[in-house]
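Shown next, in structure tokens, is the structure this report addresses.
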Amino acid sequence: MATNYYSISPSDTMKMPYRESNRRHSSSSMMAPLLLSRDFDEEVDGTIEITRAQTTAEDAYLPDVGLRPWLAALGGFCAQFCSFGYMNVIGVFQTYYETHQLIDLSPSTISWIGSLQSFILAFGGLFCGRICDMYGPRWLTVPGCFLLTLGVCMTALCTEYYQFVLAQGVCSALGASALFYATTSAITGWFSKRRGLAFGVAASGASFGGISLPFVFDAVSTRASFSLAVYCVAILLFVFSFTTVVVTNSRIAPSGRQPYRFAHFYLRPYLNPVFALVTLSLAVVYLGLFVPFAFVASHAVANGLSLASAFHLVAYLNAGSFAGRLFSGMVSDKIGKFTVYILVCFMSGLVAFPFWYLSSTQAGIIIVAAAYGFASGGVLAMYPALIAHISPIREIGTRVGAVSAAIAFGALAGLPIAGSIVGGDSGNTPDYSRMQIYAGVVMMSGSVIAVLAKAKATGGKIFARE
């Protein structure tokens, strides 16, 4: 098996004295986004010891250049197809379960499957990020491919509620989490000036999955059976996850095994108020972010659309997300990660309420689905890019994991809260209007917190390019 990182010795590539090499790299504009948080570069203790010579040697391979960075981006594209792409079609499964296998259960109860899936996908970063920093991405991509494929295949055999929870909500989510965090860490090391674009390209894989998987599921389930449809989904996810295993490597050599110090690795970053505010913003946004993904199809059915048309709405939503992820990634390299993140969070809330709230016709619901996909796609694309922007490069995997573990509780609570607001228990008619207000308000609140984070990062200059 090939090594899963790319390392350059001090004698390679740059035959110059250390001081000259260090001066060139420190003055380079490419390194500016990586140095917003400087505490790691200045820290040397018994746990993390990195010499300047090693750092200079690794920086000798200029980011953004050559085939290797874009292979890492391809790995990220495939990983997000398997992680958030699979998560993005939870609305298809939610609606199908409500009308087939789990018809006797309330929407709120069924939503715990998707809620647990999103929670584990996010919370897994607490462990996956640190593993990737210590050992490299392949320690995650290989088991991630196996667990994801196993979980989806087992979903095809499920008949009871607890079986869906274990297979779809736990097993496949663990695999998806490993794939996502491995590629996020790898991409960060390979890109600097074009990092926003790289994350946008990677994040578009989730939209591609969200577009293709509903059509595959609908076409096979209507002509054959639920089990065969899920097996077809499993085949697609295996192909993309295996591609992730093959193409993903890291520019930064793994640091190796280190003592596990929870407070040092996971709590120390929160002493930085910017980091703490960004995490709080994401946690609030995640309370409502996946609500339209889960309920746009069932809301459409309640407004008279056919089940097939409702499934297609999930694809329209993800088509908009594809454009939003790419666009936000490209624009963020020009006007700043904070700026784009704030805008897309506010736009997501605005689409949920009042526009989704006021939509009841088929045309209106389709427009809302595409618009929300565009805005929420920007949020999901900017989330890892923004954390990388405010973190030291050698701690990015760990810090993305720390943030993800915090926001996972928002993801866990969001769908059950929305399901409870919708109602529909004991034969009552579901009411989606209050749920739409809830989703819009929490996401706009998250954008306000992000404004405070930017103000803290820029010394009060909220219109600065940052």
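Coordinate-derived values only; no laboratory data. Because the structure is predicted, anything quoted here is derived from the model rather than measured. Counting neighbours? That spans all protein chains shown, and the Cβs are built from the backbone with ideal geometry, glycine included.
General observations
- Relative contact order (percent, whole number), the range 121-272, Cα cutoff 8 Å, 6+ residue spacing: 35
- Overall form of the range 154-220 per C-alpha gyration tensor (a/c, 1.5; a/b vs b/c): oblate
- Each of Asp104, Asp218, Asp133 was scored by other Cβ atoms within 10 Å of its Cβ. Arranged with the fewest first, they read Asp104, Asp218, Asp133.
- Sequence-distant contacts, meaning Cα pairs under 8 Å at least 6 residues apart, place the relative contact order of the range 309-466 at 34 percent.
- Its residue count N fixes a reference of 2.2 N^0.38 Å for the range 326-466, and the Cα radius of gyration divided by that reference is 1.18.
- The Cα-based radius of gyration and maximum Cα-Cα distance (Dmax) for the range 210-250 are 12.7, 43 Å.
- Sorted by Cβ neighbour density within 10 Å, fewest at the top, the residues Ser321, Ser281: Ser281, Ser321
- Net charge contributed by nearby residues that have their C-beta within less than 14 Å of His100 (K/R +1, D/E -1): -4
- Cβ-based net charge around Gly125, under 12 Å, with every Lys or Arg adding one and every Asp or Glu removing one: +1
- Over all other residues within a Cβ to Cβ distance under 10 Å of Ala402, the charged ones net out to +2, with Lys and Arg as +1 and Asp and Glu as -1.
- Taking other Cβ atoms within 10 Å as a rough exposure proxy, Val152, Val331, Val379 sort from fewest to most as Val331, Val152, Val379.
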